[in-house]
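> Have a look at this one before I ask anything.
The values are calculated or read from the model by the stated rules, or taken from the named source; none is laboratory data. Everything numeric here is computed off the predicted structure, so don't read it as measured data. Cβ: placed from backbone, ideal geometry, glycine included. Neighbour counts: every protein chain shown. Calculation scope for accessible area: heavy atoms of the full protein, side chains included, ligands and nucleic acids excluded. Shrake-Rupley method; radii C 1.70, N 1.55, O 1.52, S 1.80 Å.
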Amino acid sequence: MRCRSVAWGASLVLVLAVLVHPGPASAWQGDGEIPSISEKTEGMEKMDGFIPMYWDAKAGKIWLEISRFDEEILHYSSLPAGIGSNDIGLDRGQLGSTHVITFHRVGPQVFMVQPNYRYRAESDNELERKAVDDAFARSILWGFRVAAESDGVVLVDATDFVLRDAHGVVNRLRQSNQGTYRLDKARSALFLDRTRGFPLNSEIEVTLTFAGERPGAWIRSVTPSPESVTVRQHHSFVQLPELGDYTPREHDPRSGYGAITYMDYATPLGQPMTKRYIRRHRLEKRNPSAERSEAVEPIIYYLDPGTPEPVASALIDGARWWNQAFEAAGFIDAFQVEMLPADADPMDLRYNVIQWIHRSTRGWSYGSSVTDPRTGEILKGHVSLGSLRVRQDWLIAEGLLAPYVNGDEEPAEVREMALARIRQLSAHEVGHTIGLSHNYISSAQGRASVMDYPHPLVQLDSRGDIDLSDAYDVDIGEWDKITVMYGYTDFGPGTDEDAALEQILQDGLAEGISFLADQDARPQGSAHSQTHLWDNGENAARELDRMMEVRRVALDRFGEQVIKTGMPMATMEEALVPLFLHHRYQVEGAVKVVGGLDYTYALRGDGQDPVTPLSEAQQREALTAVLGTLAPSQLTIPESVLDQLPPRPAGWGPHRELFNRHTGLVFDGVAPGTAAADVIVGLLLHPERSARLVQQKAHSEDQLGYSDVLHELMNATFRATPANGYEAELNRATERVVVDRIMWLAARAPMAQVRAESSYALSELAQWLVTESNGASTADRAHYFDLGSEIGRFFNRPMEAPAAPSTPAPPPGSPIGDPGMDWFGLSCSYGAETVWPIPF
């Protein structure tokens, strides 16, 4: 689930290598005279529309009638029928590249030209504009030859243009190590059902078959014959809005919008050359003077009619939440959601769509858009929701509630939690398609935005039982109203728009509601104490403590009641995984307080404090909460659960959603705790966090420093008191994790002082191990000997420190983020694994 907003240019990489080469052309091969269009197209089927098309059924060719020379139009590609693998990333309904293009004729040739809108001169001086146009490259995306002509209108063969890999399928399969593929034109053709013309747009769809060698595991898992992969790709030619009809709105870093950016070389001296405008739909009041008015043209989203109930109703309900925000912006019923007509094409620009996307494994959901790159106007919103997300929330609820006492119940609480998440997910992804970015501080501001990632708020009721009644929010948030007001309010005549926009943001700040984005929430390198992924609560440390209580209650009651009668007992592990790791994202939030600080996107004069340091007490509270999750008792699985987990039967073999193990077919009771410990220690000892701790100690001796964290970590692990042999074994595994992580920092941390303090901690530990071995158990003596030997080898050959921990990797986690990043924040390869989405 890569939960993310996709702007017009974000997917250009997928197709750039294909588009920049002019394609082969079909020229008239007659006696030298070019025929008229009527002569050339005799016997062909005409498809009238924005760009008239002709279908030659005998030759299997598609022809375009071009009359709009040197007129800017929009071309974009998409993937209406995909591959169905989250790992590969070629989903049904995926948008591709978007280009402003012109058709330019030079004698017998017609070029498809893309102007360079990254560099402009917004000036009345034509020569000033031309100077910038000539200074930067433009791109000729394709070359056609004129095959017929009538009164200045020409006919060109577009078959090779559309029967190509415009979406970059070959490159994507190669990049994901799924084999070497090539387009096989003998098994490719027009898809006539979706090739149609309309007054403002013309749509062409093709069926493409890719022949391949040495197919990888992912493509083999989703393709009936993996040497032959058939998908459909789509081309849209669309009339662009007239420049001047839409007024762009300037981007403000506090506003929560994505933006288009470009450099304007006509900017007066002393003013910023980089221009930024928010991405938004066009929305205007019928009565601009009225405080509340209906829209000239409402924003309408359409749901995929292939979505089953009760999911369809939940998705419609969640998407409709946005009308609350547009009402706050002064509109009446301006945001609507309907079912897509059965004969409508979801790739057609005229429809904003919410598609229900199936994959073989769970994965990302995302909101994309087609945007006019000249102005930032969103022309089409396109939401892709992974259909397995709702089933994962169902599984999470089963693990928390253990609802199958008799084995045949249909638990209403489980169903409602799963559907509540789907409503929130629908609202979240639609939010991206109306222009909004993630706002990850919202969970600390009273669930102020659906644009945060919501972890289910699981509570204990007065009897100490699990309560899911408030797991997810049920409405749009207060921040969502503020940001829609900023982007969409249609101010009445005479309004000072700049002052009005500033007042909207100031009103939010006065209510304690603000915006911080992706960069501030990532657990590895970011530092804000309240801006996290998948967390709850204003105080991350206290929420972690509370969450650990909930987790303990659920683990203690875990058993066969999490599965229905008739299911293999081994399948309890599917529900055990998200429950055992229930706290993993709250740990990410709490650990960011250590070496963290608070800050805002302050502008000069707006009254915000740019930076607020965190006190030592705040950081120590968080450190104590994080270290508490490393206690041996928190890393064990109840014996009652271990006694019920047999090896998996034939046909229910291991898969990526389960814990890795060292014990063959037998469930490994040590590996889950070891994996959890490695995640936690890796977050705590991140090199950038360690450097921030060194820096803050340098500024104040009263602050928490990196050596202080190492000292507390050593005490929490090497001085722990396990209650039994099982806990002792897990504690030894945790101690090994700690040593591996410190050795890595001692060898590879970018900051010299982090390397120095790490090395010193290892030297002290080596001495302690020798002393502590006296009187220790046989298992501990062996463990201490091994650790001491590893530290000695490290000091002899420090550059041979472990490149990555030797612990088993945790099962899949968050859908958002780079699946090629490990807990060190360094590039790594997971082989056949990626970081998989949990749809919280």
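> Under the Karplus relation 6.51 cos²θ - 1.76 cosθ + 1.60, θ = phi - 60°, what is the ordered set of whole-Hz ³J(HN,Hα) values for segment 135-147, x standing for Gly and Pro?
Karplus values, whole Hz, x for Gly and Pro: 6, 10, 5, 10, 10, 8, 7, 7, x, 10, 10, 5, 10.
> Something else: Tell me, how many Å apart are the Cα centres for segment 444-482 and for segment 288-321?
Here the answer is 23 Å between Cα centres.
> Next question, about the same structure. Just one of (i) 44, 37, 28; (ii) 53, 38, 25; (iii) 51, 32, 28 is semi-axes √(5λ) of the Cα gyration tensor in Å as worked out from the coordinates here. Which one is it?
Here the calculated entry is (iii).
> Can I ask one more? Tally up the carbon and sulfur contribution to the accessible surface of segment 179-262 as a whole percent, 1.4 Å probe, everything protein left in place.
Of all accessible area on segment 179-262, carbon and sulfur atoms account for 49 percent.
> Could I ask something else about it? What order do you get for 580-587, 176-183 when each peptide is scored by the mean count of other beta carbon atoms within 10 Å, highest first?
Per-residue mean Cβ counts within 10 Å order the peptides as 580-587, 176-183.
> In addition: Is the shape of segment 254-362 best called rounded, prolate or oblate, per the rule: a/c under 1.5 gives rounded, else a/b larger than b/c gives prolate, else oblate, with a ≥ b ≥ c the square roots of the Cα gyration tensor eigenvalues?
oblate
> Oh, and also: Dividing the alpha-carbon radius of gyration of segment 143-211 by 2.2 N^0.38 Å (N being the number of residues), what value is obtained?
In units of the 2.2 N^0.38 Å rule of thumb, it is 1.41.
> Please compute the per residue accessible area over the chain with all protein chains in place, 1.4 Å probe, rounded to a whole number of Å².
40
> May I ask you to derive the FRET efficiency for Asn796 and Asp408 from their Cβ-Cβ distance with R0 = 56 Å, giving the value to the nearest 0.05?
Once rounded, the FRET efficiency stands at 0.35.
> If you count the DSSP beta bridges with both ends in the chain, what percent of them are antiparallel, to the nearest 5?
75
> For Ala211 paired with Asp70, estimate the spin-label separation in nm (one decimal), with each label point 7 Å from Cα along the Cα-to-Cβ line.
Using points 7 Å along Cα→Cβ, the separation is 4.5 nm.
> Could you pull out the pairs from Lys185/Lys380; Lys46/Lys130; Lys285/Lys481 whose alpha carbons sit more than 29 Å apart here?
With Cα atoms farther than 29 Å apart: Lys185/Lys380; Lys46/Lys130.
> What does the charge count near Thr636 come to, summing +1 for each Lys or Arg and -1 for each Asp or Glu among other residues with Cβ under 15 Å from its Cβ?
-3
> Taking amide H positions as placed 1.01 Å from N in the peptide plane, with prolines and chain starts having none, which residues 5 or more places from Ile332, or on another chain, fall under 5 Å of its amide H?
It is Ser293, Glu294, Ala295, by chain and number.
> Another one. Short version: ³J(HN,Hα) in whole Hz for each residue of segment 307-314, in order, from phi by Karplus 6.51 cos²θ - 1.76 cosθ + 1.60 (θ = phi - 60°), x for Gly and Pro, what are they?
Going residue by residue, I get 7, x, 7, x, 5, 4, 5, 5 Hz, with x marking Gly and Pro.
> Still on this structure, I have one more. When the Karplus curve 6.51 cos²θ - 1.76 cosθ + 1.60 is applied with θ = phi - 60°, which whole-Hz ³J(HN,Hα) does each residue of segment 364-377 get, with x for Gly and Pro?
For segment 364-377, the Karplus curve yields 6, 10, 7, x, 10, 7, 9, 10, 5, x, 7, 10, x, 5 Hz.
> What distance in nm separates the two pseudo spin-label positions at Asp498 and Gln695, each 7 Å out from Cα along the beta-carbon direction?
For Asp498 paired with Gln695, the spin-label model returns 3.3 nm.
> Still on this structure: Tell me the carbon and sulfur percent of the accessible area for segment 316-413, rounded to whole percent, probe radius 1.4 Å.
51
> Follow-up. Per 0.36 nm of contour for each residue apart, how much would the distance between Ala776 and His655 grow if the chain were fully extended, relative to their Cα-Cα spacing?
39.7 nm
> Give the calculated FRET efficiency between Glu122 and Ser469 to the nearest 0.05, with a Förster radius of 60 Å applied to their Cβ-Cβ distance.
Using R0 = 60 Å, I get an efficiency of 0.65.
> Measuring from label point to label point, each 7 Å out along Cα→Cβ, what is the Met339 to Phe136 span in nm?
Calculated label separation equals 4.7 nm.
> Extension gain Met567-Ala290, at 0.36 nm per residue separation less the Cα-Cα distance, in nm?
Stretched fully, the Met567-Ala290 segment lengthens by 93.6 nm.
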